[in-house]
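Visitor: Sending over a structure as structure tokens; questions will come in a sec.
The values are calculated or read from the model by the stated rules, or taken from the named source; none is laboratory data. From a predicted model like this one, the values you see are computed outputs, not experimental measurements. Here the Cβ positions follow ideal geometry from the backbone for every residue, glycine too, while neighbour counts run over all protein chains shown. We work out accessible area using only protein heavy atoms, side chains counted, and drop any ligands, DNA or RNA first. Shrake-Rupley method; radii C 1.70, N 1.55, O 1.52, S 1.80 Å.
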Amino acid sequence: MDWVSSWKATLFSLLEDIPITVRSLVSSISLDGTSATTLILNSSESGEVLCQPFLYNQSCPDALPEVKSIAPENHTVCSGSSTLCKLVSWWNTEVPNRESAVLLHQADWLLWLLHGRLGVSDYNNALKVGYDPESESYPSWLLSQPYSQLLPVVQAPGTSICNLKESIRSQFGFPDDCIVCTGTTDSIAAFLAARATQPGKAVTSLGSTLAIKLLSTKRVDDARYGVYSHRLDDKWLVGGASNTGGAILRQLFSDEQLEILSQEINPMVASPLDYYPLLTSGERFPIADPNLAPRLLPRPESDVEYLHGILESIARIEGKGYKLLKEMGATEAEEVWTAGGGAKNDKWIKIRQRVLGLPVKKAVHTEASYGASLLALKGAKSKTEERFVKQSM
């Protein structure tokens, strides 16, 4: 699969989908990408991609011992699927001219296609490469490594980078002063979209994977359990992302089957089936185990029962995640909002409410893209305020 070409084609297809009458009104653009999906590029103006992208769930166990030897114990990067492990794994292949490369995350790279300044990231995406959002800097143990020169400059999500490239403005008809802002990860964008603003409020994003985020007054990080904290202004988004989720449902059922079969499920009755739904071996959260095998058997004759068992099993994994966060000292979850494609399934929401023992609601805005648009709005407001200050001086 040519991921790079498909991502680029999708981005420009989305720009093309914006109605022509609306394009002239667009003042700011941002986007979200999958956490820990990593690209390594030539740092020249061409930005040539030097290897196949490392996908979010790709583990690099070969690099883990080296990363553990330099990072603090149980640091976020001490997981085979961390961005830093991917960087170290690539670096150790000793490819020619590796010193002239630059690391970008999926969102960074897509935004670079729009603004043209290579080497800019945000502190949500940069967390898993070792960036410390509390001190707003890379730690000394990371900067002392020979590959540290590949690390991108990091800014807060929703920070104006520069104006949209002239070639894209001309091609699509965006205004001359349209800016491009730093982005975030998909699960953070989903949290922002839900507008959960108080500690104890949580958002579960049910997309291709299951990601949970809990707004906490305390930062919690422990790679042993795949737990890490993203900064959100003066609070912390504590959570993790499991490899279970909608991707396994799509592999087993069509959208039409999911809709029809779900209607026949009684969400108030617990399923006796105990699965661990994964596409391939390997889990990140609430268990960090690169060898954890999928468990999708036995399969009952009834597809309704099978789907019920899978939905309930995913809900149990979600419940284990929130329980683990509480045990580690995070603010206790009081209410869970649901974002992503799974939010459309009302029966699943009721199953999860029973399993979690918490109020579970569908977020008013369920798409991560809405959260990314809020970051673009933040950047536009900051830019306007900056211009006002300059004009008043």
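Visitor: Look through the stretch 170-199, keep the residues that are among the charged types (D, E, K, R) and not in a helix (DSSP H, G or I), and return whichever of them is farthest from Ala156 (Cα to Cα).
Guide: Within the stretch 170-199, the match that is farthest from Ala156 (Cα to Cα) is Asp176.
Visitor: For residues that are of a type in the set (D, E, K, R) and part of a loop (DSSP other than H, G, I, E, B), tally how many sit in the stretch 271-317.
Guide: Residues that pass the stated criteria total 4.
Visitor: Sticking with this structure for a sec: Quick one: which residue in Ala196, Ala190 is at pLDDT below 95 and out of contact with any helix residue (DSSP H, G or I) (no Cβ under 9 Å at 6 or more places or on another chain)?
Guide: Ala196
Visitor: Same structure again: Go through the stretch 160-169 and report how many residues are hydroxyl-bearing (Ser, Thr, Tyr) and in a helix (DSSP H, G or I).
Guide: Here the count works out to 1.
Visitor: Now for a different question. Scanning for something out of contact with any strand residue (DSSP E or B) (no Cβ under 9 Å at 6 or more places or on another chain), at positive phi and at pLDDT 95 or above, does the stretch 113-135 turn up at least one residue?
Guide: yes
Visitor: Identify, please: which residue in the stretch 299-334 is more than 21 Å from the chain's Cα centre (by Cα) and acidic (Asp, Glu) and is, among those, most open to solvent (accessible area, probe 1.4 Å)?
Guide: Among residues in the stretch 299-334 that are more than 21 Å from the chain's Cα centre (by Cα) and acidic (Asp, Glu), the one most open to solvent (accessible area, probe 1.4 Å) is Glu301.
Visitor: Something else: Among the residues of the stretch 324-337 satisfying the criterion of being in contact (Cβ under 8 Å) with a residue 12 or more places away in the chain and of a type in the set (D, E, K, R), which is nearest to Ala190 (Cα to Cα)?
Guide: Ranking the candidates gives Glu335 first.
Visitor: Checking the structure you have, find out if any residue of the stretch 324-346 is among the β-branched types (Val, Ile, Thr), closer than 24 Å to Val77 by Cα and assigned to a loop (DSSP other than H, G, I, E, B).
Guide: Taking every residue of the stretch 324-346 in turn, at least one turns out to be among the β-branched types (Val, Ile, Thr), closer than 24 Å to Val77 by Cα and assigned to a loop (DSSP other than H, G, I, E, B).
Visitor: Something else about it: Would you point out the residue of the stretch 169-203, among those that are among the small types (Gly, Ala, Ser) and at positive phi, that is least open to solvent (accessible area, probe 1.4 Å)?
Guide: The qualifying residue least open to solvent (accessible area, probe 1.4 Å) is Gly200.
Visitor: For the stretch 311-329, how many residues meet the condition of being more than 16 Å from Trp236 (Cβ to Cβ) and among the aliphatic types (A, V, I, L, M)?
Guide: Residues in the stretch 311-329 being more than 16 Å from Trp236 (Cβ to Cβ) and among the aliphatic types (A, V, I, L, M): 4 in total.
Visitor: Additional query: Which of the residues belonging to the stretch 259-280 are open to solvent by 30 Å² or more (accessible area, probe 1.4 Å) and either of a type in the set (Lys, Arg) or in contact with a strand residue (DSSP E or B) (Cβ under 9 Å, 6 or more places away or on another chain) (or both)?
Guide: If the condition is that a residue be open to solvent by 30 Å² or more (accessible area, probe 1.4 Å) and either of a type in the set (Lys, Arg) or in contact with a strand residue (DSSP E or B) (Cβ under 9 Å, 6 or more places away or on another chain) (or both), then Asp274 is the only one that fits.
Visitor: Pull up the stretch 232-258, narrow it to residues that are under 20 Å from the mean Cα position of the chain (by Cα) and farther than 30 Å from Pro133 by Cβ, then point me to the one that is surrounded by the fewest Cβ atoms within 10 Å (Cβ to Cβ).
Guide: The selected residue is Arg250.
Visitor: Taking the stretch 202-225 as the search range and keeping residues that are among the hydrophobic types (A, V, I, L, M, F, W, C) and at pLDDT 90 or above, which one is farthest from the chain's Cα centre (by Cα)?
Guide: Out of the qualifying residues, it is Val220.
Visitor: Looking for something of a type in the set (Asp, Glu), assigned to a helix (DSSP H, G or I), at pLDDT below 95 and open to solvent by 70 Å² or more (accessible area, probe 1.4 Å) - is there at least one such residue anywhere in the stretch 374-386?
Guide: Yes, that holds for at least one residue.
Visitor: Now, a different point. Are there any pairs, at least 6 apart or on different chains, whose C-beta atoms fall under 8 Å, with the first in the stretch 144-155 and in contact (Cβ under 8 Å) with a residue 60 or more places away in the chain and among the aromatic types (Phe, Trp, Tyr) and the second surrounded by fewer than 19 Cβ atoms within 10 Å (Cβ to Cβ) and not in a strand (DSSP E or B), and if so, which?
Guide: Every condition considered, the pairs that remain are Tyr147/Arg98.
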